[in-house]
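Engineer: Please read through the structure below; I'll follow up with questions.
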Amino acid sequence: MSTVEQLAPLHAEMTAWRRDIHSHPELGFEEHRTAALVAAKLEAFGFDEVHRGVGRTGVVGVLRAGRSPRAIGLRADMDALPILELNRFGHCSVNRGVMHACGHDGHTAMLLGAARYLAATRRFDGVVNFIFQPAEEGLGGARAMIDDGLFERFPCQALFGMHNRPSLAVGRFAVRAGPMMAGGAFFDIRVSGKGAHGARPETGIDAALAAAQIAASLQSVVARNVAPVDTAVLSVTRLHAGDAYNVIPQSAELGGTVRAFSREVMQLVEASMRRVAEHTAAAFGATAELDFRALFAPTVNDPAEAEFAAQVCTELVGADHVERNPPLIMASEDFSAMLEQVPGCYLNIGNGGAEGSCEVHHPAYDFNDRALPLGAAFYARAVEKRLKAA
Ligand code: NI
């Protein structure tokens, strides 16, 4: 019997867990109910250890079989988003203004399904650390778990995680070696000039003009400083100056975001932006100060672990249903912080429906429950293959 077939009897139960979590969404670091549900289930499955409060609201379950010290980590995220749900089905959010619009309810249910199966069968030799992470949506939940000693307390030689993708059909996986998702940064630039009457520009230093020139010149950074074979985005998304028609503003502010697929390119962009902002301002007699905040590292898959993950997917759904070189994703993911500590792989699991399901972070999104046994089977098969019993 295939791993997918072995997980099939758990489909109804996983669906019930997923919908229960969907109706009770919690924001980052507030996942008290979700974490309690996860921990209670792991204990009921007969886990060897269940640790609550790792990185505030995170949970780690440890499952052992045999005597091998080999260990791998499997990670799911648990948090929801501050979105008012538009769905009207039975399992829609009861927490008004909070919604599982990114499918983390499904990610948690899939990992719980694998936990239940592996705890019952234990056909592996080694240690599996089930990592249920809080606060993935921009609040640094992965970092919080790492700072709480995640990998010292639960050492892992390899790490796997997955995200649903509504634009990929159920029954398909996408995985690539190397960079997979972008690193993300936010920036603010404060431009200081000298205010003046709108009719007497010669007595002031126009911060609005300097800011406009900086916004335009920043477009040269990706075009002229980043190598054409590397990928980066620099978007100025905020530009604020002045309040009156007849006053030349004393100061102006620009803000925006940068995305790149390596730490080196991100650092190059930051240094180039600082040079362009400061010197462009100086050309007008103004000054500019850049505040650059790198929030997410790029998500980079270890080539060997990506190959292993692709082989597992191929066993589950066949080579025709595994995309081995999907396009880079410009969005960011904080699993990247864990992948900087332990080699591993982040992959996408198809979550699209025939009806044309909507994208993540949309108020009418819902995780497609048909993907649950496939995701659970990926984790289960990865464990049995990687920690093969003698
Ligand atoms: Ni997400």
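Please treat every number below as a calculation from the coordinates, not as lab data. Predicted model only: the values in this text are computed from it and were never measured. For neighbour counting, all protein chains shown are included, and Cβ atoms are generated from backbone atoms with ideal geometry for every residue, glycine included.
Engineer: Where the Cα atoms of segment 38-77 are projected onto their three principal axes, how long is each span, largest first, in whole Å?
Structural biologist: 30, 20, 14
Engineer: In addition: Could you grab the relative contact order for segment 1-97? Cα pairs under 8 Å, six or more apart, rounded to a whole percent.
Structural biologist: Answer for segment 1-97 is 32 percent.
Engineer: In addition: Taking the Cα of Ser220, stepping 7 Å toward and past its beta carbon, and measuring to each backbone N in segment 262-292: which are under 19 Å?
Structural biologist: The answer is 268-290, whose backbone nitrogens lie closer than 19 Å to the label point.
Engineer: May I ask for the longest run of the chain untouched by chymotrypsin sites (Phe, Trp or Tyr not before Pro) that are loop-located per DSSP and have at most 11 neighbouring C-beta atoms (other than their own) within 10 Å?
Structural biologist: That would be 90-244.
Engineer: Given 10 °C and 1.306 mPa s, compute D for segment 183-296 with the Stokes-Einstein relation, Rh being the Kirkwood radius over Cα pairs; round to the nearest whole µm²/s.
Structural biologist: Once the numbers are plugged in, D ends up at 110 µm²/s.
Engineer: Now for a separate question. Rg and Dmax of segment 19-106 over Cα atoms: what are they, in angstrom?
Structural biologist: 15.0, 50
Engineer: Take the Cβ-Cβ distance between Arg274 and Asn325 as r, set R0 to 30 Å, and report the resulting FRET efficiency rounded to the nearest 0.05.
Structural biologist: On the way: r = 35 Å, r/R0 = 1.17.
So, using R0 = 30 Å, E works out to roughly 0.30.
Engineer: Would you look at the GNM of the chain, springs on alpha carbons closer than 10 Å, and say which of Gly352, Gly255, Gly106 moves the most?
Structural biologist: Comparing Gly352, Gly255, Gly106 in a Gaussian network model of the chain, the most mobile one is Gly255.
Engineer: Could you please state, rounded to a whole Å, how far the C-alpha centre of segment 105-162 is from the C-alpha centre of segment 12-36?
Structural biologist: Between the Cα centre of segment 105-162 and that of segment 12-36, the gap is 16 Å.
Engineer: I need the per residue convex hull volume for the chain, using only the alpha carbons, in cubic angstrom as a whole number.
Structural biologist: 151 Å³
Engineer: Please arrange Lys388, Lys41 by how many other C-beta atoms lie within 10 Å of their C-beta, fewest to most. If you can, show how the numbers build up before the last one.
Structural biologist: Details: Lys388 13, Lys41 20.
Ranked by crowding around the Cβ, least crowded first: Lys388, Lys41.
Engineer: Tally Lys and Arg at +1 and Asp and Glu at -1 over the other residues with C-beta under 15 Å from the C-beta of Ala282: what net charge comes out?
Structural biologist: +1
Engineer: Provide the net charge surrounding Glu30, with neighbours chosen by a C-beta distance below 11 Å and charges set as Lys +1, Arg +1, Asp -1, Glu -1.
Structural biologist: -1
Engineer: With springs connecting C-alpha atoms under 10 Å apart, model the chain as a Gaussian network and identify which of Glu264, Glu202, Glu359 has the largest mean-square fluctuation.
Structural biologist: Evaluated over the chain, the most mobile residue of the options is Glu202.
Engineer: Pick from Val360, Val247, Val62: which is most flexible by mean-square fluctuation in a GNM of the chain where alpha carbon atoms under 10 Å apart are linked?
Structural biologist: Among Val360, Val247, Val62, the largest mean-square fluctuation in the Gaussian network model of the chain belongs to Val247.
Engineer: Rounded to the nearest 0.05, what FRET efficiency do Lys388 and Glu49 give with R0 = 22 Å and r taken as the Cβ-Cβ distance? Could you check?
Structural biologist: That gives a FRET efficiency of 0.45.
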